[in-house]
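Below is one structure, written out as structure tokens; the observations come after it.
Where a number appears in this text, it was derived from the coordinates with a stated rule and is not lab data. From a predicted model like this one, the values you see are computed outputs, not experimental measurements. Backbone-built Cβ (ideal geometry, glycine too); neighbour counts: all protein chains shown.
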Amino acid sequence: MPSSSRSEDRYDSRTRLKLPRTVVVLGGVSLLTDASSEMIYPLLPLFLATSLGAGAAFIGLIEGVAESTASLVKLFSGWWSDRLGRRKAIVVGGYTLSAFARPLVALAGSGWHVLAIRFTDRLGKGLRTAPRDALIAAATPNASLGRAFGFHRAMDHAGAVVGPLIAFALLATVVEDLRVVFALAAIPGVLAVLLLATQVADAPIAPGAHTRPSSISLAPFPSRFRAVLGVVTLFTLGNSSDAFLLLKAHAVGISASAIPLLWIALHLSKALSSTPAGTLSDRIGRPRLIIAGWLVYAAVYGGFALATDAWQVWALFILYGTFFGLTEGVEKAYVADLAPPELRGTAYGLYHAAVGLAALPASLLMGIVWDLRGSAAAFSVGAGLALVSAGLFLLLLMHPVTREEAPAARL
């Protein structure tokens with residue numbers, strides 16, 4: 001009898017560790033999509049500054065507008081997928097738009113052209129993200145949500161390793177023109193769309209009026225979800241575009257040819273930390289890891305404010321990757337913990353909208369402070385906001401919760 005019990009325990013453990021097919025395939029889609037995107041993104045700030053003559057504030061404007069656009073559309077697309085009761089068609093449309101818009105950077109003749117292309121690319125990202133996250137949540141048992149979202153983020157970051165590696169190899173051996181690299185980024189993007197369209201099944205929502213929200217509203221959600229959303233928004237005000245980290249890297253002496261390698265190191269750190277952190281959050285709860293991640297972020301930005309040597313920037317980029325591992329997948333799993341299943345599309349839309357709407361002022365603030373007071377002051381502002389946000393989140397968790405919210409809010 002005891003041996004039978006042990007066998008059942010081992011079986012249950014294997015079952016929990018096995019990821020659903022939908023999660024695995026969507027991970028592959030994200031890997032290919034990020035490989036396409038990251039063939040371009042690490043080189044874009046340098047391309048804008050040296051080839052197109054854009055300043056730090058304009059680069060901040062491009063990234064802020066791009067991410068805020070994506071987040072506004074995520075709000076609509078998540079709600080729309082709840083209304084339709086289906087998600088896959090919206091996800092496919094979003095990936096397709098980005099796959100065809102992104103490589104057009106190769107034809108850009110001014111900073112404004114890049115702004116328009118990034119806007120369109122992020123429009124596609126906005127369409128796909130919230131419904132895709134809801135697909136992952138629907139396909140995964142609640143006890144494995146952290147692991148599933150951690151795996152998805154790990155695959156996403158693995159693509160961000162492959163993309164810069166391809167770019168570096170092309171620039172080092174085949175081509176010298178950045179525009180050629182940007183054009184070739186179309187290949188993995190199209191492959192991602194084909195994989196998604198043919199290998200991912202939809203997850204229809206059970207019919208019923210109560211599952212079809214008539215408007216986008218915070219009212220149906222628990223108070224803890226609304227409070228957490230507010231604290232996340234505050235944190236994001238100090239979480240500016242990573243383009244500024246790349247500018248800092250170049251300023252301390254890291255060459256243009258080494259920038260893709262630095263980006264690879266960052267995403268390797270992200271990929272290696274995401275799945276273990278997500279799995280750990282399934283065991284000990286999400287908030288501890290989120291707070292730890294925000295404290296790591298504060299330490300990293302404080303380090304960038306003081307960094308003067310290339311080796312310091314390399315070390316900070318690797319540590320910065322663990323911030324993403326501790327927070328990205330874990331925060332998404334926390335959203336699923338707090339939101340009713342039939343409203344998860346809307347919940348992810350609200351979450352991404354809160355993050356993205358804060359991205360515009362965050363990147364503009366970073367760029368303006370950088371231009372007026374220098375990089376050290378700009379990074380110090382981000383570090384300070386991260387510390388304040390971590391403290392507020394801790395205070396929120398100490399506040400009494402209702403019986404309904406208590407399991408998800410545990411420390």
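Just a few scattered comments:
- Relative packing of peptides 251-261, 233-243 - highest average C-beta neighbours within 10 Å first: 233-243, 251-261
- With neighbour counts taken as other beta-carbon atoms within 10 Å, the residues Arg226, Arg286, Arg122 rank, fewest first, as Arg226, Arg122, Arg286.
- In order along region 307-319, the phi-based Karplus estimate (6.51 cos²θ - 1.76 cosθ + 1.60, θ = phi - 60°) of 3J(HN,Hα) comes to 5, 10, 10, 4, 4, 5, 5, 4, 5, 5, 5, 5, 5 Hz; Gly and Pro are listed as x.
- Karplus 3J(HN,Hα) series, Hz, for region 135-142 with 6.51 cos²θ - 1.76 cosθ + 1.60 (x for Gly, Pro): 4, 4, 4, 5, 8, 10, x, 4
- Residues listed by number, region 285-312, amide nitrogen under 20 Å from Ala376 label point at 7 Å toward C-beta: 298-312
- Entry note, the chain: the mean residue ellipticity at 222 nm calculated from DSSP H runs of n ≥ 4, each adding -39500 (n - 2.57), is -26000 deg cm²/dmol after division by the residues and rounding to the nearest 500.
- Put simply, the amide H of Arg87, placed in the peptide plane, has neighbours under 5 Å in Ala203, leaving out anything fewer than 5 places away on its chain.
- Residue order, fewest to most surrounding Cβ atoms within 10 angstrom, among Met39, Met366, Met155, Met398: Met398, Met155, Met366, Met39
- Cα centroid of region 338-372 to Cα centroid of region 138-175, whole Å: 22 Å
- Residue order, fewest to most surrounding Cβ atoms within 10 angstrom, among Lys125, Lys248, Lys74, Lys18: Lys18, Lys248, Lys125, Lys74
- Within straight-line cross-link reach of Lys248, lysines at Cα separation under 29 Å, skipping those fewer than 8 residues along the same chain: Lys125, Lys270
- If you model the chain as an ellipsoid using its alpha carbon gyration tensor, with each semi-axis the square root of five times an eigenvalue, the axes come out at 33, 24, 22 Å, biggest first.
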